[in-house]
Amino acid sequence: MKRNLRIALVVALALAVSTAGAFAAVVSASFNKINITVNGTPVAVSGESFVRSTGDVPYSILYKGTTYLPLAKVCEFVGKDVAWDGSTRTVSISTPKEAPKAPAASTAAPSSHQDANPDCTFDSLTIQVNGQVFAVPGQQYDRGGSTVPYSLLYRGTTYLPLAAVCQLVGKDIAWDGATYTAAVKDRAAIANYSGSGVPDFGKLSGLSRADESNSDSEMVYNYYCYTGSGREANADSDIQKYVSYLFDAGYTYRTAESAALFGDQNTKLYCYGSDTTGQLVVVGLVQYKELTEAVISYTK
């Protein structure tokens, strides 16, 4: 099996934009049932709404057992920028160059939540982060065996499932059922590969570099074998977490370079680049009948 990868050999990506599955409905939900903390700071308490120009909207919506948080507000809490393109119905998250400020603590007094019947629109939006599309209209969110709406639009405010929000903004999430508190936390930092500005995937996954890892005059090729490691179920989530580390390191998704790569349906590789260094990084999974392997390759 030839495993040396080149920027010219990656997966052709097709981000099909379909409106199938998007719908509007009056639903049964609960507003503001949880407390929210960010790195230990209580930023919202049960019963609290926040004020927008379009009117008060809830900090959390509990719908069919899934807690949804307002994307723009969470991005504000963790120092991410959000933009809206009405012509394409696209919500874009980006990483600012300036370090984020710590969020202000909520001054509201906790109170009871409100049961409501909001008129919502589901799965009608495209969600992208630093140029990479994570959801398109009609696409649902996989909770590991079951699916729920990826996006919920209520009174002009976009809500995403709690786990999806934290994934997109590169944070960890912990749930305390005793206090009904969602704790959003910074992830633990990981080191870079020696002599590069590229985060070390091995430090994140806990896997050692496979023997076939190598380099040539242009690129360094790092392989990590999940098969037989006992961590096969973590492969996709590790890649998702790693991409958020790349975003925080100043890399953005490169649509043209990714589309130029090719592979079969079992190969998922994506290209990211740094405008500062000009460096490219190829990230993804190669899956064969008896092998699941992560690929992290970067230009020198």
- request: Search the range 227-240 for residues that are aliphatic (A, V, I, L, M) and pair each with any residue that is modelled with pLDDT of 90 or more when their beta-carbon atoms are under 7 Å apart and the residues are at least 6 apart or on different chains.
  value: Ala235/Tyr226; Ala235/Leu285; Ala235/Thr292; Ala235/Ala294; Ile239/Val283; Ile239/Gly284; Ile239/Leu285; Ile239/Ala294
statement: Scanning the range 172-208 for residues that are among the acidic types (Asp, Glu) and open to solvent by 40 Å² or more (accessible area, probe 1.4 Å), the one nearest to Lys33 (Cα to Cα) turns out to be Asp176
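Residues checked against (1) out of contact with any strand residue (DSSP E or B) (no Cβ under 9 Å at 6 or more places or on another chain); (2) modelled with pLDDT of 95 or more; (3) not acidic (Asp, Glu):
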site: Phe77; (1), (2), (3): no, no, yes
site: Lys80; (1), (2), (3): no, no, yes
site: Gly86; (1), (2), (3): yes, no, yes
site: Ser94; (1), (2), (3): no, no, yes
site: Glu98; (1), (2), (3): yes, no, no
site: Pro103; (1), (2), (3): no, no, yes
site: His113; (1), (2), (3): no, no, yes
site: Cys120; (1), (2), (3): no, no, yes
site: Val129; (1), (2), (3): no, no, yes
Selected residue [over 17 Å from Leu152 (Cα atoms) and open to solvent by less than 30 Å² (accessible area, probe 1.4 Å)] from Val57, Val38, Val27, Val74: Val38
Restricting the range 117-128 to residues that are assigned to a strand (DSSP E or B) and open to solvent by less than 20 Å² (accessible area, probe 1.4 Å), the residue that is nearest to Phe247 (Cα to Cα): Ile127
task: Please work out if Ala163 is surrounded by fewer than 20 Cβ atoms within 10 Å (Cβ to Cβ) and more than 19 Å from the chain's Cα centre (by Cα).
output: no
message: Can you list residue pairs whose Cβ atoms sit under 7 Å apart, with the first residue in the range 36-52 being more than 12 Å from Pro70 (Cβ to Cβ) and the second being hydroxyl-bearing (Ser, Thr, Tyr) and open to solvent by 50 Å² or more (accessible area, probe 1.4 Å)? Count only pairs 6 or more apart in sequence or on different chains.
response: Ser46/Ser111; Ser46/Tyr180; Gly47/Ser111; Gly47/Ser112
- prompt: Would you pick out the residues in the range 129-148 that are more than 21 Å from Ser244 (Cα to Cα), outside any loop (DSSP other than H, G, I, E, B) and open to solvent by 20 Å² or more (accessible area, probe 1.4 Å)?
  reply: Thr147
query: If a residue has to be part of a helix (DSSP H, G or I) and in contact with a Leu (Cβ under 9 Å, 6 or more places away or on another chain) to count, how many in the range 185-206 make the cut?
result: 1
- request: Could you please let me know if Glu48 is over 23 Å from Gln128 (Cβ atoms) and either of a type outside the set (Asp, Glu) or surrounded by 12 or more Cβ atoms within 10 Å (Cβ to Cβ) (or both)?
  value: yes
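The values are calculated or read from the model by the stated rules, or taken from the named source; none is laboratory data. None of these values were measured; they are calculated from a predicted model. Reconstructed Cβ throughout: ideal geometry from the backbone, glycine too, with neighbour counts over all protein chains shown. Keep in mind that these areas ignore ligands, DNA and RNA; they rest on the heavy atoms of the full protein, side chains included. Shrake-Rupley method; radii C 1.70, N 1.55, O 1.52, S 1.80 Å.
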